[in-house]
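Working notes, beginning with the structure itself.
Read-outs: derived from the displayed coordinates by stated rules, not from any lab. All of these numbers come straight from a predicted model, not from anything done at the bench. Glycine also receives a Cβ, built like all others from the backbone with ideal geometry; neighbour counts cover every protein chain displayed.
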Amino acid sequence: MKTALLLQTLQNQLTTLREQAAPLMQHATLKPRFDRQLFRTRSTVMKDYLDEAQHHLDELRHAVDNAQAEQVAWLAAHLAEQIAALHREIAAWPLRLWDGASAGTTKWQRKRLEHQEFERRLCEMKNERESRLNQAETLEEQQMLMREITALEGRLERCRKALDDIERVIARLTR
């Protein structure tokens, strides 16, 4: 009875992992995610690791049914390690944005958003300097603010050029 409950608990954990991993199930990475001793698969797709863990659970059920004590002990320990590793990987996924197999549109869309934010902040800085210039009283202060405005205009121009380049890349990827 205890064994059946433990097997059901393992199955529930794998089901929960599948649900948590759903958004990244087919996402490929640059390198295999886990050590060769933990998972046999050399895949870079999360679904294949979950499938292997499910296969080990099925083997564990079969070993329990056939009363193979040594195999049950090894498979149970190995499966527990696999489930723990999968939990860690899913939890760490947001930190691994850089680990994409392809540049993909999401990366470029994220870059576009970053550059749009840069552009907004540069415009705010330029407007703030221009309003300070209108209120400046000394020639030295006016000259300093003019240099800052000129530098900000150059940065703004480069930012807009980068945005145009990013837009072209996104257009090429979505064709």
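Taken one residue at a time, the phi angles of region 66-73 give Karplus couplings (6.51, -1.76, 1.60, θ = phi - 60°) of 8, 6, 9, 4, 5, 5, 4, 4 Hz. Gly and Pro are set to x. Based on the Stokes-Einstein relation at 10 °C and a viscosity of 1.306 mPa s, and on the Kirkwood radius from alpha carbon pairs, the chain is assigned a translational diffusion coefficient of 76 µm²/s. With the simple spin-label model, which puts each label point 7 Å out from Cα in the Cβ direction, the A136 to E153 separation comes to 1.3 nm. Pairwise inverse Cα distances across region 2-96, averaged and inverted, put the Kirkwood hydrodynamic radius at 13.8 Å.
Figure legend: label point modelled 7 angstrom from the Cα of Q8 along Cα→Cβ; residues of region 52-74 with amide N under 20 Å from it are 54, 57-66. Note on the chain: GNM, Cα springs under 10 Å; of A151, A22, A91, the largest mean-square fluctuation is that of A151.
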